[in-house]
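Chemist: Below are the structure tokens for one structure; questions will follow.
The values are calculated or read from the model by the stated rules, or taken from the named source; none is laboratory data. Because the structure is predicted, anything quoted here is derived from the model rather than measured. Neighbour counts are summed over all protein chains in view; Cβ atoms, including those assigned to glycine, are modelled from backbone coordinates with ideal geometry. Heads up: the accessible areas ignore ligands, DNA and RNA and are worked out on the full protein's heavy atoms, side chains in. Shrake-Rupley method; radii C 1.70, N 1.55, O 1.52, S 1.80 Å.
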Amino acid sequence: MAEFLTYDEERSRAFLSVAGVRILNVEDPDANEVMVDVLGEETQERASLVASPPADAESSETGMGAWHVNNGNEFQTVVSGRGILEFMTDKGAIAVVMEAGDIMAVEQAEHRYRPLTDQEWILRFTGADLVATDTGRASGPWPIP
């Protein structure tokens, strides 16, 4: 079950929703409806990946660890492991720890990601390929779960 670090769950969900982010669980009865809402007809699994924790603080701020926006909408499901995501909202960064069964539905919202353990994901997204654009936002320290 996702753990919201920045604010309580209700406020975090409200702020994330305005930014185009929904955090779900595979057991949520409306998960498939949200997937279709976010992805349209492109709901097929596109890939899976296992992300490993960064080797050091410097490497945690590059790649997916840098603030970025992807070129398409995403519906990503955690299969195993644990990781932290931060999403930029009009209230600042909102941190969420995600584990097996959690889903992030992201409609081109600015975010960054750091695996805390080896973490496997099933990837679904719109467009031919998922391409990240670094936003240039300075990376501050990661929240501590």
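Chemist: With a cut-off of at most 14 other beta carbons within 10 Å, and DSSP calling the residue loop, which GluC sites (Glu not before Pro) in the range 38-145 qualify? Please list them. Present the calculation step by step, with values, prior to reporting the outcome.
Modeler: Details: sites: 41, 42, 45, 58, 61, 74, 86, 99, 107, 110, 120; in loops: 41, 42, 45, 58, 107, 110.
Sites meeting the loop and neighbour criteria: 41, 45, 58.
Chemist: How charged is the neighbourhood of residue 7? Take every other residue with its Cβ under 15 Å from the Cβ of residue 7, and add Lys/Arg as +1 and Asp/Glu as -1. It would help to have the intermediate numbers written out before the result.
Modeler: On the way: positive: 11, 13, 91; negative: 3, 8, 9, 10, 86, 90.
Once all neighbours under 15 Å are counted, the net charge is -3.
Chemist: Out of every Cα-Cα pair in the chain, what percent are more than 19 Å apart?
Modeler: On the way: 5029 of 10440 pairs.
The answer is 48 percent, as a whole percent.
Chemist: Just from its helices, what would the mean residue ellipticity at 222 nm be for the chain, if runs of 4 or more DSSP H residues each count -39500 (n - 2.57) and the sum is divided by every residue, rounded to the nearest 500 deg cm²/dmol? Before the final figure, lay out the partial values.
Modeler: Working: 2 runs with 20 residues, N = 145.
Calculated mean residue ellipticity at 222 nm is -4000 deg cm²/dmol.
Chemist: Could you tell me the center-to-center distance, by alpha carbons, between the range 1-21 and the range 95-145 in angstrom?
Modeler: 14 Å
Chemist: OK, next. Can you give the Rg to Rh ratio for the range 1-48, taking only C-alpha atoms and Rh from Kirkwood? Intermediate values should be presented prior to the final figure.
Modeler: On the way: Rg = 12.4 Å, Rh = 12.3 Å.
Computed over Cα atoms, the ratio is 1.01.
Chemist: Please report, in debye to the nearest 20, how large the charge dipole of the chain is about its Cα centre when each Lys and Arg carries +1 at its beta carbon and each Asp and Glu carries -1 there.
Modeler: Values: 10 positive and 26 negative charges, 71 e Å.
Magnitude of the dipole: close to 340 debye.
Chemist: Order 135, 62 by their accessible area, 1.4 angstrom probe, all chains in place, largest first.
Modeler: Listed by decreasing accessible area, they come as 62, 135.
Chemist: Which loop trypsin sites (Lys or Arg not before Pro) in the range 50-145, with loop taken from DSSP, have no more than 16 other Cβ atoms within 10 angstrom of their Cβ?
Modeler: On the way: sites: 82, 91, 112, 124, 137; in loops: 91, 124, 137.
Listed in order of number, the matching sites are 91, 137.
Chemist: Can you check what the Kirkwood hydrodynamic radius comes to for the range 102-145, Cα pairs only, in Å to one decimal? If you can, show how the numbers build up before the last one.
Modeler: Numbers: mean 1/r = 0.0754 Å⁻¹.
In the range 102-145 this quantity evaluates to 13.3 Å.
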